[in-house]
Structures are given as structure tokens and as C-alpha cells.
Amino acid sequence: MKKIAIYCRVSTRDQHPENQRLELVSYAQRMGLEYEVFEETESTRNTRPIKAGLLNRLRKKEYDGVLVWRLDRWARSLSEMILEVQELVDKEIPFISLKDNIDLSTSSGRLMFHLLSALAEFERAVIRERTMLGLERARAQGKVFGRPKGRKDSKVRSKSGYYLRYANRK
């Protein structure tokens, strides 16, 4: 690797990516790598324009690899993580997670990534099973979910402007 992209992400304005950046830059310098830093702040699940731009640049092979502080800083969901990281691995673009000590340019790093991914997927499935069992138990005890039946909406709604399909039919 010669030139890498460093990606830092925080979720809110109150958080600062400086701690991530300092450690990642220090690592890149120790390894003798040329780097460019990409920082995402106030990211949401669907809007991460800095990351989207970085992914496009990685696909164009503008960088020889990507370095992140932790796996959860790259992706918010397991499916997103696996799809994007697998795409990078398939394109032979190394992906390094500093704190998780995972370097996907090595076979042991790829094994560790898949093990962690499998464990995360298992944990999610167990949580879903527990939730479903809890809902079943609550229903069996007579708990009714959702909006109470028969309650009228307190908001006054306009009756004009709606298309009545059968209004002129006799």
C-alpha cells in the first residue's frame, strides 16, 4: 500500500472525530503511508455523502486501501458492512480497522472479519427471537397492541380535493 484513505465518522455535532483522526494518522505515519483524511459528522443511516464519495474514489482505485478506527465507524448495519467490505476485498482494496485489529489484506484478517460478522448476525437473530417470544407472551396474557379500536382521529381533515371514483355513478 502506498496511498490510503482514512475515514472518520461521528454521529452527532456534539462528538468530535479528532480522537479517531489522531490515532489513524499516527498509524499511517508509523507505517510510512501517504494518506488523505475523510471526516463525516452528523451522519445518519441514509445520508453519509463523504463516505459515498470515498467509496466512488476507492472503486476508481484512487487509493490503495482504507483505514478506519473501528468497524462500526464504517457501517451502521451488518448487511451494509459485509456488502461494502466484500466489494472492496473483491477489488483487492485493503480494508484496515485499527481498534478491531483487522487487516482484510491478510487471510487471518478476513477470517476474523467473517467470524465477527457471523457473531453479530447471531446476536441480532437472538434479540429478534426474544422480542417475538415476549410479544407472544404479552398477547397470550391479553395485551392488545396498536391503536385502540373505535377511537376517532382528533385531527380535522379536509373532505374536498379527493378524487371520488364512483361519485357520478348511479
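The values are calculated or read from the model by the stated rules, or taken from the named source; none is laboratory data. This one's a predicted model, so the numbers in the text were calculated from it and none came from an experiment. In this analysis, Cβ positions are derived from the backbone assuming ideal geometry, glycine residues included, and neighbour counts consider all displayed protein chains.
Filtering the range 105-117 to residues that are among the hydrophobic types (A, V, I, L, M, F, W, C) and buried (at least 19 other Cβ atoms within 10 Å of the Cβ) leaves only Phe113.
Can you tell me how many residues in the range 1-26 are modelled with pLDDT of 80 or more and either within 19 Å of Glu84 (Cβ to Cβ) or under 19 Å from the mean Cα position of the chain (by Cα) (or both)? Of the residues in that region, 10 qualify. Report yes if some residue within the range 27-38 is among the hydrophobic types (A, V, I, L, M, F, W, C) and modelled with pLDDT under 90; otherwise report no. Checked the range 27-38: no residue is among the hydrophobic types (A, V, I, L, M, F, W, C) and modelled with pLDDT under 90. Filtering the range 78-104 to residues that are closer than 15 Å to Val68 by Cα, surrounded by fewer than 17 Cβ atoms within 10 Å (Cβ to Cβ) and small (Gly, Ala, Ser) leaves nothing.
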